[in-house]
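Asker: Once you've had a glance at the structure underneath, I'll fire off some questions.
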DNA sequence: ATGGTTTTGTGAAAGTAATCACGAAAACTT
DNA sequence: AAGTTTTCGTGATTACTTTCACAAAACCAT
Ligand SMILES: NC(=O)c1ccc[n+]([C@@H]2O[C@H](COP(=O)([O-])OP(=O)(O)OC[C@H]3O[C@@H](n4cnc5c(N)ncnc54)[C@H](O)[C@@H]3O)[C@@H](O)[C@H]2O)c1
Ligand SMILES: NC(=O)c1ccc[n+]([C@@H]2O[C@H](COP(=O)([O-])OP(=O)(O)OC[C@H]3O[C@@H](n4cnc5c(N)ncnc54)[C@H](O)[C@@H]3O)[C@@H](O)[C@H]2O)c1
């Protein structure tokens, strides 16, 4: 396992590279340069080469990268073979959308259980995922380390404490609540309202620069 | 208007601060320190003070920040009064969730129109937002500068060209496609599959450090 | 008033990330 | 086979962001 020398910024781009390499393979392309890759994923080519270089010399000068080799390498590095089981808490608007989609294109993450309070949903399935009552959380969650949280913000803090107690290690938090967790639990916030507002702010306050390209 | 001296990292946190200050005001709190704010929004207190300092000296030493004053200041700075009208393209799983939610808590952004190809949806409303056929895009979009894109990835590039031609300036792109736009158009990518995979990667490869706190 | 306490605002330092730019290697071309 | 072109890998640089740490200001209690 490659030790934690890899910058976080790089780690966040790896799934992106992986997905595009997969596309290339489906198109039967055998080689790709950092320049081509750069145009496709919109990341500077030097950044891509630097990112790859943390894992060693994966390319060939004057040639580029071999798609299959690179893909195999990342498959191992990103543990694309191991399936990570994920639970979803809160089968509302957003939760339902995720269940229907279920990240099918990824072959390494899968929502396997969902929980809610609403009686009408309990016992049904969405996208093949069974929905349980939240009261069964302690009983049914153990073994699952990653949770997608799509409940009302007001419930987030209490639910988080519950999840942590059960042993959850990672939370993808879609609620606007900034939840508090012990240091061994990782939370990624995806705050859609903030994203939209930030985009609007940038449009109004940042001159439409002439970026290169 | 405060010129573009404000770091992007700061700009992205502003809506977060704003929302929390709003909460405080509803709780009738009159003052708040960077330390309190820090615990609530999970941003280092020095970072918060630095962020605020780009806008001048907004606080008082030994006291903190006056909630109402700060809120009024940011209301203007963030143009919270002006309503930005947004359109949504692609009323599928994700698009429907956004329409139902419609960022009601924000008072500065509102989805006012949606577009899709599916005959069954055209002419109906979701969350009060009328859904039009995509063929009417050129006719009905003008005036709207910001678009939320929730169509299949395969459609993204062509649709983007169309949007740019109509004059859209900002796109919140939920498709996995990395779309190409001219330099005067701003795109924010929210790639949910990547976010989930990145979280899983961090869990597996980054030791559960003892972060402070 | 006085003195201890709180908390800001910010220089300086540290940390993190992106980009430049070029030598070296390998690939193509003729 | 020699010359040209492509493209990597990376040292060095630049840019951006966070954090430390402390003087100065304002508060608060007596
Ligand atoms: N839908 C959006 O477009 C959107 C956008 C930005 C943010 N969000 C945030 O995402 C979260 C979910 O949004 P939504 O629109 O899906 O809301 P929703 O109200 O449609 O769904 C919430 C679901 O959680 C369930 N629930 C409530 N308390 C629960 C509990 N204690 N345990 C388990 N389930 C519980 C409810 O029964 C409901 O099904 C909210 O925090 C919201 O602020 C949503
Ligand atoms: N749902 C999720 O949880 C999820 C997660 C990650 C990424 N995404 C991405 O978000 C996007 C939308 O996902 P979804 O699950 O809502 O898909 P979906 O298939 O449910 O919805 C897509 C909608 O777009 C409409 N559409 C197709 N072509 C169109 C066109 N040219 N113009 C206008 N409308 C058109 C379809 O009729 C459909 O209603 C996809 O790109 C998907 O990869 C979704």
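The values are calculated or read from the model by the stated rules, or taken from the named source; none is laboratory data. Nothing here was measured: the structure is a model prediction, and the numbers come from that model. Ideal geometry is used to build each Cβ from the backbone, glycine not excepted, and the neighbour counts take in all protein chains shown.
Asker: Does residue B:86 count as touching a helix residue (DSSP H, G or I) at 6+ places or on another chain (Cβ under 9 Å), assigned to a loop (DSSP other than H, G, I, E, B) and closer than 30 Å to residue A:101 by Cβ?
Answerer: Answer is no for this residue.
Asker: Considering only region B:149-193, how many residues are within 16 Å of DNA strand C (Cβ to nearest atom) and either free of Cβ contacts under 8 Å to residues at least 12 places away in the same chain or more than 21 Å from residue A:38 (Cβ to Cβ) (or both)?
Answerer: Selection size over region B:149-193: 2.
Asker: Limited to region A:118-155, what total is found for residues that are exposed (fewer than 14 other Cβ atoms within 10 Å of the Cβ) and either in a loop (DSSP other than H, G, I, E, B) or in contact with a strand residue (DSSP E or B) (Cβ under 8 Å, 6 or more places away or on another chain) (or both)?
Answerer: Residues flagged as exposed (fewer than 14 other Cβ atoms within 10 Å of the Cβ) and either in a loop (DSSP other than H, G, I, E, B) or in contact with a strand residue (DSSP E or B) (Cβ under 8 Å, 6 or more places away or on another chain) (or both) within region A:118-155 amount to 11.
Condition check ((1) within 11 Å of ligand 1 (Cβ to nearest atom); (2) closer than 30 Å to residue B:54 by Cβ; (3) more than 20 Å from the chain's Cα centre (by Cα)) across all residues:
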position	(1), (2), (3)
B:64	no, yes, yes
B:70	no, yes, yes
B:104	yes, yes, no
B:108	no, yes, no
B:112	no, no, no
B:118	no, no, yes
B:123	no, no, yes
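Asker: Only one residue in A:10, A:47 is within 9 Å of DNA strand D (Cβ to nearest atom) and not assigned by TED's automatic domain parsing to the domain that holds residue A:107. Which one?
Answerer: Testing whether each residue is within 9 Å of DNA strand D (Cβ to nearest atom) and not assigned by TED's automatic domain parsing to the domain that holds residue A:107 leaves just A:47.
A quick yes/no check of all residues on (1) surrounded by 15 or more Cβ atoms within 10 Å (Cβ to Cβ); (2) away from ligand 2 (no atom under 16 Å from the Cβ); (3) within 11 Å of chain A (Cβ to nearest Cβ); (4) assigned to a helix (DSSP H, G or I):
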| residue | (1), (2), (3), (4) |
| --- | --- |
| B:13 | yes, yes, yes, yes |
| B:28 | no, yes, no, no |
| B:68 | no, yes, no, yes |
| B:82 | no, yes, yes, no |
| B:97 | yes, no, yes, yes |
| B:114 | yes, no, no, no |
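Asker: Something else now. Let me confirm something: among A:178, A:186, which residue is in contact with a helix residue (DSSP H, G or I) (Cβ under 8 Å, 6 or more places away or on another chain), within 12 Å of chain B (Cβ to nearest Cβ), under 23 Å from residue A:117 (Cβ atoms) and within 16 Å of DNA strand D (Cβ to nearest atom)?
Answerer: A:178
Asker: State whether the residues of region A:130-147 include one that is within 14 Å of chain B (Cβ to nearest Cβ), under 25 Å from residue A:185 (Cα atoms), touching a residue at least 60 places away in the same chain (Cβ under 8 Å) and within 15 Å of ligand 2 (Cβ to nearest atom).
Answerer: Within region A:130-147 (the criterion being within 14 Å of chain B (Cβ to nearest Cβ), under 25 Å from residue A:185 (Cα atoms), touching a residue at least 60 places away in the same chain (Cβ under 8 Å) and within 15 Å of ligand 2 (Cβ to nearest atom)), the answer is no, since none of the residues qualifies.
Asker: How many residues does region B:139-174 contain that are more than 22 Å from residue B:110 (Cβ to Cβ) and in contact with a helix residue (DSSP H, G or I) (Cβ under 9 Å, 6 or more places away or on another chain)?
Answerer: 2
Asker: Among the residues of region A:156-171, are any facing chain B (nearest Cβ under 7 Å) and either modelled with pLDDT of 95 or more or surrounded by fewer than 22 Cβ atoms within 10 Å (Cβ to Cβ) (or both)?
Answerer: yes
Asker: I would also like to ask the following. If I ask for residues that are away from ligand 1 (no atom under 16 Å from the Cβ), surrounded by 18 or more Cβ atoms within 10 Å (Cβ to Cβ) and farther than 23 Å from residue A:181 by Cβ, which ones from region B:15-26 would you list?
Answerer: Result: B:21, single match.
Asker: Which residues, taken from region B:30-49, are surrounded by fewer than 15 Cβ atoms within 10 Å (Cβ to Cβ) and touching a strand residue (DSSP E or B) at 6+ places or on another chain (Cβ under 7 Å)?
Answerer: Within region B:30-49, just B:30 meets the criteria.
Asker: Looking at B:61, B:42, can you tell me which residue is within 14 Å of another protein chain (Cβ to nearest Cβ), free of Cβ contacts under 8 Å to residues at least 24 places away in the same chain, more than 16 Å from ligand 2 (Cβ to nearest atom) and farther than 30 Å from residue B:145 by Cα?
Answerer: B:42
Asker: A further question follows. Quick test of your reading of the structure: residue B:194 fulfils all but one of (1) facing another protein chain (nearest Cβ under 7 Å); (2) assigned to a strand (DSSP E or B). Name the failing condition by number.
Answerer: The one condition residue B:194 does not meet is (2).
Asker: Can you tell me which residue is nearest to residue B:187 (Cα to Cα) among those in region A:50-66 that are more than 6 Å from DNA strand D (Cβ to nearest atom) and surrounded by 12 or more Cβ atoms within 10 Å (Cβ to Cβ)?
Answerer: Looking at the filtered set, the residue picked out is A:51.
Asker: Something else now. Go through region A:1-11 and report how many residues are part of a helix (DSSP H, G or I), touching a residue at least 24 places away in the same chain (Cβ under 8 Å) and at the interface with chain B (Cβ under 8 Å from one of its Cβ atoms).
Answerer: Of the residues in that region, 0 qualify.
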